[in-house]
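The values are calculated or read from the model by the stated rules, or taken from the named source; none is laboratory data. Since we're looking at a predicted model, the values are computed, not measured. Using ideal geometry, Cβ is built from the backbone for each residue, glycine included, and neighbour counts are taken over all protein chains shown. Side chains are part of the model used for accessible areas, which takes the heavy atoms of the whole protein and leaves out ligands, DNA and RNA. Shrake-Rupley method; radii C 1.70, N 1.55, O 1.52, S 1.80 Å.
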Amino acid sequence: MNSADNTHNGENTASQPLEERVNNRSQRPSSAAFKAFMASNWAPAPQVTPERDAVAGHAAKRRRAISDQFKGERLVLPAGPLKVRSNDCDYRFRPHSGFAHLTGLGLDHEPDAVLIFEPVEEGKGDDGGSHRATLYFRPLAGRDTEQFYADARSGEFWIGARPTLAEFEARLGIPTAHIDELEVAVTKNVGAPEIGGVSIRLVRKVDENIDALVDTARYNTAKDPDNLDLGVLDALDEKLSEALSELRLTKDEWEIEQMQIAVAATVEGFTEVVKALPRALTHFRGERVVEGAFFARAREEGNELGYDTIAAAGNNATVLHWTRNTGKVNAGDLLLLDAGVEADSLYTADITRTLPANGKFSDVQRKIYEAVLDAADAGFAAAQIGVKFRDIHTAATTVLAERLAEWGLLPVPVEEALGEDGQQHRRWMPHGTSHHLGLDVHDCAQAKRELYLDGVLREGMVFTIEPGLYFKQEDLAIPEEYRGIGVRIEDDILMTSEGPVNLSAALPRTADDVEAWMAGIYQEIDAKD
Ligand code: GLY
Ligand code: MN
Ligand code: MN
């Protein structure tokens with residue numbers, strides 16, 4: 001290398017395209033002899049025909065429900081691509097939740113995959129519907145191919161075996177096709193229905209390559225391409241996202257099982273955190289000790305975290321989205337832990353407990369804790385079939401406003417605070433009390449307001465109840481004794497025909513039960529030592 005004239009072996013290295021420079025760090029043999037050797041003499045990949053996944057029948061019903069809403073149109077649902085974390089390192093892959101819901105796929109299945117609903121004559125589609133669905137993806141390449149040993153992003157040599165077309169077809173009951181056929185499948189016959197064309201609806205902003213493919217197809221087949229009304233097309237696409245979100249407002253039997261799995265693993269994670277607390281108390285970043293103890297369980301028993309853990313001690317517990325978790329945990333602090341394990345199916349729990357770091361609540365901590373618990377219980381009592389979703393929040397915040405008034409913190413009478421023109425209590429409880437929960441921690445986010453906040457509670461809904469009180473250190477509107485204390489109690493609730501069931505009830509909720517639970521864990525550890 002001559003750095004002065006930018007040449008190497010006679011080549012001008014300054015003109016090498018940047019995307020090729022990733023290969024400058026290592027030597028890559030490229031001789032025909034090497035390629036032939038690398039592509040030979042591997043045992044054949046095992047040929048197994050897996051059983052049908054338990055989710056397959058449920059996912060088929062979900063696809064049918066979507067098919068019924070969009071007869072005659074092609075529906076395109078991408079899983080999404082790998083996303084770069086830094087340079088040539090990707091984030092762990094997670095498919096889009098709408099894709100996961102309609103295919104039944106979880107874990108890291110499958111980057112770049114796309115589920116397409118092709119419209120067919122009404123009644124002649126899958127399960128008597130109006131579409132036939134096909135899953136397009138990049139299947140496992142043979143061990144005699146260059147992809148096997150040379151593709152660090154998808155080759156078996158680098159990342160392990162991936163599914164074959166036959167394997168996914170057998171597991172999911174969905175016909176599969178190679179990703180090389182995707183472009184034609186998305187774009188063929190696109191056009192206005194009146195001239196025999198097919199219109200497309202796309203779940204947008206999941207895979208920009210697919211967005212571009214659909215946009216180009218629409219542009220190329222439009223009557224007047226230069227005056228395409230993008231607003232109209234966006235609205236078409238948004239209707240599909242809305243329908244996918246609304247379909248998840250109630251969970252089927254299989255999904256409820258997945259929620260129970262996610263909650264059970266999360267309960268284990270909270271127990272691990274209690275065990276780790278003595279070490280957290282001695283560490284300069286005790287909150288990270290807490291975060292790490294929970295994360296280990298999430299990876300051991302599930303796929304991942306459903307969202308970044310909030311491990312917040314002392315005043316950090318008053319910061320609603322404290323995910324930095326860089327703080328110390330001191331003996332007199334409350335530790336607010338908001339964490340959820342995402343199961344292999346990608347369903348997540350979302351649970352918060354507020355624990356006294358040294359195992360005992362102080363009087364003022366207990367007083368605040370019990371107010372929040374009463375609010376949670378009021379929310380739980382309000383959660384009945386046929387009642388509006390928003391009524392849970394009203395019930396919980398009414399209790400909090402009353403308590404704040406009793407303590408002399410509300411600057412106005414309770415009735416005034418509870419009115420639309422008041423809401424002063426929201427200074428200390430600024431977030432909603434409940435959200436739907438499932439594949440996304442904030443599930444069903446594109447559902448219409450009349451089905452969400454103004455919707456009525458129905459059997460099969462899963463949502464949180466999570467009131468809190470957050471008194472910041474710097475809050476001069478309250479006496480000093482309250483400052484630097486944040487409390488939230490969050491449970492995951494399943495609506496049944498008999499009323500609400502607390503899926504996370506295995507974690508203690510009352511102050512006494514929390515203290516006894518922590519003491520029991522430490523006694524067990526001491527007995528073993
Ligand atoms: N952990 C996010 C939430 O509670 O909504
Ligand atoms: Mn939540
Ligand atoms: Mn939470």
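Taking residues in region 129-155 that are more than 21 Å from T103 (Cβ to Cβ), and partners anywhere that are surrounded by fewer than 16 Cβ atoms within 10 Å (Cβ to Cβ), the pairs with Cβ atoms closer than 6 Å and at least 6 places apart or on different chains are R143/W42; F148/F157; Y149/F157; A152/W158. Scanning region 56-93 for residues that are in contact with a Phe, Trp or Tyr (Cβ under 7 Å, 6 or more places away or on another chain), among the hydrophobic types (A, V, I, L, M, F, W, C) and within 18 Å of L107 (Cα to Cα) yields a count of 3. Residues in region 423-464 that are within 21 Å of E257 (Cβ to Cβ) and of a type in the set (G, A, S): G438, G460. In a residue-by-residue description of region 188-200, the property of being under 19 Å from T103 (Cβ atoms) and open to solvent by 40 Å² or more (accessible area, probe 1.4 Å) applies to no position.
Working carefully through the options E481, E474, E466, find the one that is open to solvent by 50 Å² or more (accessible area, probe 1.4 Å), out of contact with any Cys (no Cβ under 7 Å at 6 or more places or on another chain), touching a residue at least 60 places away in the same chain (Cβ under 8 Å) and within 18 Å of R427 (Cα to Cα). Give the derivation first.
Details: E474 fails: touching a residue at least 60 places away in the same chain (Cβ under 8 Å); E466 fails: open to solvent by 50 Å² or more (accessible area, probe 1.4 Å).
That would be E481, the only listed residue that is open to solvent by 50 Å² or more (accessible area, probe 1.4 Å), out of contact with any Cys (no Cβ under 7 Å at 6 or more places or on another chain), touching a residue at least 60 places away in the same chain (Cβ under 8 Å) and within 18 Å of R427 (Cα to Cα).
Which residues, counting only those in region 314-326, are out of contact with any Lys or Arg (no Cβ under 7 Å at 6 or more places or on another chain) and on the phi < 0 side of the Ramachandran plot? Scanning region 314-326 gives N316, A317, V319, L320, H321, W322, T323, R324.
With respect to the conditions (1) surrounded by fewer than 17 Cβ atoms within 10 Å (Cβ to Cβ); (2) farther than 25 Å from G499 by Cβ; (3) of a type outside the set (K, R), L410 lacks only one, and its number is (1). Name the single residue that is least open to solvent (accessible area, probe 1.4 Å) among those in region 445-463 being of a type outside the set (F, W, Y) and within 16 Å of ligand 3 (Cβ to nearest atom). Selected residue: V462. Residues considered: T309, T352, T326, T318. Of these, the only one that is more than 13 Å from ligand 3 (Cβ to nearest atom), within 21 Å of H442 (Cα to Cα) and over 12 Å from the mean Cα position of the chain (by Cα) is T318. Figure legend. Inter-residue proximity from region 504-529: first residues more than 19 Å from A371 (Cα to Cα) and touching a residue at least 12 places away in the same chain (Cβ under 8 Å), second residues among the small types (G, A, S) and open to solvent by 50 Å² or more (accessible area, probe 1.4 Å), beta-carbon distance below 8 Å, spacing 6+ or different chains. Indicated pairs: A506/A264.
Rundown of residues vs (1) away from ligand 1 (no atom under 15 Å from the Cβ); (2) in contact with a helix residue (DSSP H, G or I) (Cβ under 8 Å, 6 or more places away or on another chain), yes/no style:
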{"residue": "L404", "(1), (2)": "yes, yes"}
{"residue": "V412", "(1), (2)": "yes, yes"}
{"residue": "D421", "(1), (2)": "yes, no"}
{"residue": "R426", "(1), (2)": "yes, yes"}
{"residue": "H442", "(1), (2)": "no, no"}
{"residue": "A447", "(1), (2)": "yes, yes"}
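Within the span defined as region 383-393, every residue fails to be more than 16 Å from ligand 2 (Cβ to nearest atom), in contact (Cβ under 8 Å) with a residue 12 or more places away in the chain and open to solvent by less than 30 Å² (accessible area, probe 1.4 Å). Considering each residue of region 277-290 in turn, at least one proves to be modelled with pLDDT of 95 or more, farther than 29 Å from F93 by Cβ and small (G, A, S). Could you list all residues from region 360-375 that are within 22 Å of V274 (Cβ to Cβ) and either under 29 Å from the mean Cα position of the chain (by Cα) or buried (at least 23 other Cβ atoms within 10 Å of the Cβ) (or both)? Scanning region 360-375 gives I368, Y369, V372, L373. Of the residues I368, I385, I392, the single one that is of a type in the set (V, I, T) and touching a helix residue (DSSP H, G or I) at 6+ places or on another chain (Cβ under 6 Å) is I392.
When each of S30, S67, S40 is tested for being polar (S, T, N, Q) and part of a helix (DSSP H, G or I), the lone residue that passes is S67. When every residue of region 236-247 is checked against the conditions, at least one turns out to be over 30 Å from L494 (Cβ atoms) and either open to solvent by 20 Å² or more (accessible area, probe 1.4 Å) or not in a strand (DSSP E or B) (or both). Cβ-Cβ contacts under 6 Å between residues 6 or more apart (or on different chains), taken from a first residue in region 426-451 that is within 19 Å of L494 (Cβ to Cβ) and acidic (D, E) to a second residue that is within 16 Å of ligand 3 (Cβ to nearest atom) and open to solvent by less than 60 Å² (accessible area, probe 1.4 Å), are listed as D443/H436; D443/L437.
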